[in-house]
1. Being out of contact with any helix residue (DSSP H, G or I) (no Cβ under 7 Å at 6 or more places or on another chain), closer than 15 Å to ALA119 by Cβ and surrounded by fewer than 21 Cβ atoms within 10 Å (Cβ to Cβ), is that true of even one residue in the range 74-83?
2. What residue, among those in the range 44-73 that are without any contact (Cβ under 8 Å) to a residue 24 or more places away in the chain and open to solvent by less than 40 Å² (accessible area, probe 1.4 Å), is nearest to LEU4 (Cα to Cα)?
3. When you scan the range 92-146, how many residues do you find that are in a loop (DSSP other than H, G, I, E, B) and not hydroxyl-bearing (Ser, Thr, Tyr)?
4. Mind checking which residues of the range 94-103 are out of contact with any Pro (no Cβ under 8 Å at 6 or more places or on another chain) and either open to solvent by less than 20 Å² (accessible area, probe 1.4 Å) or modelled with pLDDT of 95 or more (or both)?
5. From the list ASP88, ASP8, which residue is of a type outside the set (Gly, Ala, Ser), touching a Ser or Thr at 6+ places or on another chain (Cβ under 7 Å) and not in a helix (DSSP H, G or I)?
6. Report the residue count in the range 38-74 for those that are farther than 14 Å from ASN9 by Cα, of a type in the set (D, E, K, R) and either touching a strand residue (DSSP E or B) at 6+ places or on another chain (Cβ under 6 Å) or part of a helix (DSSP H, G or I) (or both).
Amino acid sequence: MSRLFFADNTVLINFGLAGRIDTLALILNGQGRWVASVEQEYAASAAKLGLPGPSVMSEFLGESLRPAGNQIFVDILAFQQALRGPGDTREAHLGECETLAIILHQAPDSYILTDDYDAARLADAQGVQTLTTWALLRFAVKRNLL
């Protein structure tokens, strides 16, 4: 069964700001996952925006995944280089890159959830399909979840 990985925290924040974390959990139906860097990014954003903390998200996303293995780290660095722009910090794009590398090495039938065009383009180049907030909202409407 396909997994749905959050490549960054944007989709999570969008559902949180709309007050629809419950709907997001229904959409994911136990298939949602996230990596440690996305969990950390979300924790910082949630604190600033007054959204439910990572422990609430972990109830339906499970424990965050961490990359393991030399080749995964090589891929993460290569993906970061592909996305890096002038002025980006060393940690920039880490969530997207960790997520993509983990999918390629451990969960090849998975999707990436992101609203980041560059991350979606990179995922597509690696043969990984992406879904956006809008795609999830359309799905929720079709299933009468919204």
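The values are calculated or read from the model by the stated rules, or taken from the named source; none is laboratory data. Fair warning: this is a prediction, and the values are worked out from it, not measured in the lab. Quick reminder, even Gly has a Cβ in these numbers, built from the backbone with ideal geometry, and neighbours come from all protein chains shown. With ligands, DNA and RNA removed, areas are computed over all heavy atoms of the protein, side chains included. Shrake-Rupley method; radii C 1.70, N 1.55, O 1.52, S 1.80 Å.
1. Taking the range 74-83 and keeping what is out of contact with any helix residue (DSSP H, G or I) (no Cβ under 7 Å at 6 or more places or on another chain), we get 74, 77-78, 81.
Narrowing further to those that are closer than 15 Å to ALA119 by Cβ: 78, 81.
Those still in the list that are surrounded by fewer than 21 Cβ atoms within 10 Å (Cβ to Cβ) too: 78, 81.
Yes, the range 74-83 contains at least one residue that is out of contact with any helix residue (DSSP H, G or I) (no Cβ under 7 Å at 6 or more places or on another chain), closer than 15 Å to ALA119 by Cβ and surrounded by fewer than 21 Cβ atoms within 10 Å (Cβ to Cβ).
2. Only one residue fits best here, namely SER58.
3. From the range 92-146, those in a loop (DSSP other than H, G, I, E, B) are 92-93, 107-110, 114-116, 126-129, 132, 143-146; that's our starting set.
With not hydroxyl-bearing (Ser, Thr, Tyr) added as a condition, the list becomes 92-93, 107-109, 115-116, 126-129, 143-146.
Summing the residues that are in a loop (DSSP other than H, G, I, E, B) and not hydroxyl-bearing (Ser, Thr, Tyr) in the range 92-146 gives 15.
4. Looking only at the range 94-103, we keep the residues that are out of contact with any Pro (no Cβ under 8 Å at 6 or more places or on another chain), and these are 94-97, 99-100, 103.
Hits for the range 94-103 are GLY95, GLU96, CYS97, THR99, LEU100, ILE103.
5. Values: ASP88 fails: touching a Ser or Thr at 6+ places or on another chain (Cβ under 7 Å).
After applying the criteria, what remains is ASP8.
6. Counting residues in the range 38-74 that are farther than 14 Å from ASN9 by Cα, of a type in the set (D, E, K, R) and either touching a strand residue (DSSP E or B) at 6+ places or on another chain (Cβ under 6 Å) or part of a helix (DSSP H, G or I) (or both) gives 1.
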